[in-house]
Each structure stands twice: as C-alpha cells, then as structure tokens.
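Chemist: Have a look at this one.
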Amino acid sequence: MIEIIFQKNEDAWKLYQYLVTRLASLQEKSSILLNEDQNRVLIPEAFFATGKLAELKICLHDFILKLKRDDWLRSILAESYFYTEREEQDQILDILYSVLEGNRKELATFIEGVEEPGDIKKSINDILDERISFSFDSFVVFRLKAYFEQLTKWIEIAIDEYKMEQEYQVFLHTLRSFLKDRSPQMPYLYLVIDENMAFFNQEFTEMKRNELVKTIDRRLLVNHPVYVDSGTIAPLLSIAPQTIFLYTDDAHQPLVRTIINLFEERVKINPISTFEQERVNFLNEDHENIR
C-alpha cells in the first residue's frame with residue numbers, strides 16, 4: 001500500500017474525494033482509504049498489480065491542474081503580490097485562464113509554455129513508478145519547482161494586464177464624465193477607420209487635420225493629457241456628435257472598441273464597403289434638392 005502524505009487535512013480530503021469520484025467505475029476505488037488523523041491517502045497495491053496505475057497517474061495530474069493549481073495561484077497572488085481580496089484574485093485569474101484557454105491571442109505571446117509543462121506528468125510518473133509512500137508537499141517543492149516558477153511568471157503577466165484594464169476603466173469613466181456635460185457640436189459625424197482614419201461632417205465633406213484641431217476643447221488636453229490623443233479621441237469628445245456613423249471592417253480593434261465604450265448607443269457600426277455608396281447617395285440627393 002502506498003501512502004500520499006499531506007501537511008493539510010483539507011488537501012488530503014480533496015485528493016481522496018477526487019480519486020473516489022474519478023475512479024468510481026473501478027472496483028478498486030472502494031479500497032482507497034483516508035487517514036484523516038494523519039492526513040494520508042492510502043492507495044492499495046491493487047492499482048499497481050492490476051494495471052490501473054495509468055489511471056491513477058492521470059487522476060493525480062488532473063488533481064494538480066484542476067484543484068491545486070488554483071490554490072497555488074491564489075497563494076502567489078496573496079503572498080508575493082499582496083492581492084488578498086477574493087474579488088481581485090478572481091479578476092486576475094480570469095485573465096490568466098482566458099490566455100491559457102486561447103481566448104486572448106494578444107497575450108499568448110507573452111506567456112511561454114501556454115500548455116502545461118510536460119515535466120508535471122514526468123514527475124508524477126517517476127514518483128508513482130517508484131511505488132513508495134511520499135509527501136505530496138515535498139513532491140511539489142522539489143519536483144515541481146520549475147512549474148511553480150512558470151506559474152509566477154504567468155501571474156506577473158496577468159497582474160500587468162489587470163492593472164492596464166483598471167487604468168482603462170478609469171480612462172473611460174473620466175472621459176464619459178466629460179462627455180456627459182458636453183453639448184453636441186454636430187448632429188452626426190461620419191468616421192471611417194481602415195488603414196487610415198478619416199472624419200466627415202454631416203455633409204460628407206472630409207474634415208482635414210487643421211479643422212479637427214480647431215474643434216478640440218483645450219480643457220481635454222490640459223486636464224486629461226494622459227487619456228486623450230489629439231488625432232481621434234479629443235476631436236470626437238469635443239464635437240460630441242449625437243450620432244457617430246462609424247465605418248470599419250474590424251469592430252474589435254482597440255480604437256473602435258474605445259469609441260464604442262465611450263459613446264455607447266450613439267455609435268452606429270457599418271462595413272467600410274457601404275460608406276462610398278451612402279456618400280454618393282447623399283450627394284445625389286443634395287444635388288437634386290439644389291435643382
């Protein structure tokens with residue numbers, strides 16, 4: 001019989017419950033024991049004699065990744081970076097897990113080894129093939145040292161992104177407050193964002209750079225110099241159109257998302273291919289009216 005020894009009773013109980021649940025289809029699962037007084041999970045020799053060792057290895061691997069990894073990440077956040085509030089930890093871990101699941105392509109390049117390191121499986125194989133009792137906590141400290149270093153690097157990236165997102169929310173709140181008190185200078189404005197960006201007034205006449213600069217409320221640049229750029233955000237906020245007809249083929253690019261987040265329901269998204277036709281239609285209608 002092999003004993004897996006834990007420092008904490010809670011961890012011993014978690015592994016015991018996990019093994020019993022995962023191995024429910026195996027006859028030997030009923031012979032897995034938990035010594036609560038000594039924080040030990042007892043694995044019967046039958047797992048080694050009947051060829052069920054492979055399943056046990058998979059269970060221990062999944063236990064580490066699905067249960068213990070989250071505990072370790074939270075411990076790193078609290079002890080190394082002083083993020084002790086559960087809500088903050090959740091937000092940071094949500095960022096990290098979204099990268100690991102492939103949902104944040106822009107961050108994946110900053111995280112080496114997006115897939116879990118293969119040495120976890122190797123370490124599990126080595127320790128169980130030895131068929132000796134062992135301390136789980138010592139196993140983690142000595143055999144998973146490289147993995148813990150990787151977790152710390154991942155956390156650092158997630159924290160940096162979390163801070164940037166917090167700053168972005170401050171950015172939105174600050175500029176929404178400015179916009180709330182701003183009277184519209186135009187009923188609507190046309191904005192084309194492709195490789196380049198172009199502003200058009202309500203008559204579909206392009207607004208050149210010098211004209212846009214004249215529209216800028218200087219208070220924006222004086223009071224919020226960190227948050228605005230004079231080429232896009234500052235003119236839009238200063239003009240504060242009631243409706244922005246925004247033409248783009250990539251509604252998820254950062255600039256477009258920022259404009260949508262600032263102006264919300266005042267933004268109408270259209271594909272770039274429709275802009276020229278709408279412009280021609282407007283100019284033809286205007287010409288007919290003159291006649």
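The values are calculated or read from the model by the stated rules, or taken from the named source; none is laboratory data. Quick caveat, the model's predicted, so the values are computed rather than measured. Using ideal geometry, Cβ is built from the backbone for each residue, glycine included, and neighbour counts are taken over all protein chains shown.
Chemist: Being part of a helix (DSSP H, G or I), among the polar types (S, T, N, Q) and under 30 Å from Lys208 (Cβ atoms) is the filter here, so list the residues in the stretch 144-192 that pass it.
Modeler: Thr174, Ser177, listed by residue number.
Chemist: If you don't mind, another one. Kindly list, by first and then second residue, each pair from a residue in the stretch 221-234 that is farther than 9 Å from Phe171 by Cβ to a residue that is of a type in the set (A, V, I, L, M) and modelled with pLDDT under 75, limited to pairs with Cβ atoms under 6 Å and residues at least 6 apart or on different chains.
Modeler: That search, which allows pairs on different chains as well, returns Ala234/Val228.
Chemist: If you scan the stretch 100-109, which residues turn out to be surrounded by 13 or more Cβ atoms within 10 Å (Cβ to Cβ) and assigned to a helix (DSSP H, G or I)?
Modeler: Residues satisfying the conditions are Leu100, Leu107, Ala108.
Chemist: Also: Hey, could you check the stretch 39-68 for residues that are small (Gly, Ala, Ser) and farther than 30 Å from Tyr97 by Cβ and say which is surrounded by the most Cβ atoms within 10 Å (Cβ to Cβ)?
Modeler: If we take residues in the stretch 39-68 being small (Gly, Ala, Ser) and farther than 30 Å from Tyr97 by Cβ, then Ala46 is surrounded by the most Cβ atoms within 10 Å (Cβ to Cβ).
Chemist: Does Thr248 satisfy being touching a residue at least 40 places away in the same chain (Cβ under 8 Å) and surrounded by 15 or more Cβ atoms within 10 Å (Cβ to Cβ)?
Modeler: For Thr248, the condition - touching a residue at least 40 places away in the same chain (Cβ under 8 Å) and surrounded by 15 or more Cβ atoms within 10 Å (Cβ to Cβ) - is met.
Chemist: Another question, if that's okay. Let me confirm something: among Leu56, Leu60, Leu65, Leu19, which residue is touching a Cys at 6+ places or on another chain (Cβ under 8 Å) and closer than 27 Å to Asp119 by Cβ?
Modeler: Leu19
Chemist: Tyr97 fails exactly one of the following numbered conditions: (1) without any contact (Cβ under 8 Å) to a residue 40 or more places away in the chain; (2) over 21 Å from Ile120 (Cα atoms); (3) of a type in the set (Ser, Thr, Tyr). What is the number of that condition?
Modeler: Among (1) without any contact (Cβ under 8 Å) to a residue 40 or more places away in the chain; (2) over 21 Å from Ile120 (Cα atoms); (3) of a type in the set (Ser, Thr, Tyr), the lone unmet condition for Tyr97 is (2).
Chemist: Somewhere in the stretch 6-23, is a residue assigned to a loop (DSSP other than H, G, I, E, B) and among the aromatic types (Phe, Trp, Tyr)?
Modeler: Yes, some residue in the stretch 6-23 is assigned to a loop (DSSP other than H, G, I, E, B) and among the aromatic types (Phe, Trp, Tyr).
Chemist: Whether any residue in the stretch 35-44 is modelled with pLDDT under 90, of a type in the set (A, V, I, L, M, F, W, C) and not in a loop (DSSP other than H, G, I, E, B) is what I want to check.
Modeler: So far as the stretch 35-44 goes, no, none of its residues is modelled with pLDDT under 90, of a type in the set (A, V, I, L, M, F, W, C) and not in a loop (DSSP other than H, G, I, E, B).
Chemist: Whether any residue in the stretch 85-99 is part of a loop (DSSP other than H, G, I, E, B) and at positive phi is what I want to check.
Modeler: Scanning the stretch 85-99, I find no residue that is part of a loop (DSSP other than H, G, I, E, B) and at positive phi, so the answer is no.
Chemist: Quick check on Phe171: is it aromatic (Phe, Trp, Tyr), in the same structural domain as Lys8 (by TED's automatic domain parsing) and either under 26 Å from the mean Cα position of the chain (by Cα) or modelled with pLDDT under 90 (or both)?
Modeler: So Phe171 fits the description; yes.
Chemist: Where in the stretch 203-281 are the helices (runs of 4 or more DSSP H), entirely inside, with at least 2 residues that are closer than 14 Å to Leu191 by Cβ?
Modeler: Once the helices (runs of 4 or more DSSP H) in the stretch 203-281 are filtered for at least 2 residues that are closer than 14 Å to Leu191 by Cβ, what remains is 209-215, 233-239, 254-263.
Chemist: Also, quick follow-up: Checking the condition among the acidic types (Asp, Glu) and closer than 25 Å to Lys145 by Cβ, which residue from Glu3, Glu36 passes?
Modeler: Glu3
Residues are listed down the side, and each one gets a yes or a no for (1) surrounded by 16 or more Cβ atoms within 10 Å (Cβ to Cβ); (2) more than 30 Å from Glu106 (Cα to Cα); (3) among the aromatic types (Phe, Trp, Tyr); (4) over 34 Å from the mean Cα position of the chain (by Cα):
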site: Arg131; (1), (2), (3), (4): no, yes, no, yes
site: Phe148; (1), (2), (3), (4): no, no, yes, no
site: Gln166; (1), (2), (3), (4): no, no, no, no
site: Thr215; (1), (2), (3), (4): yes, yes, no, yes
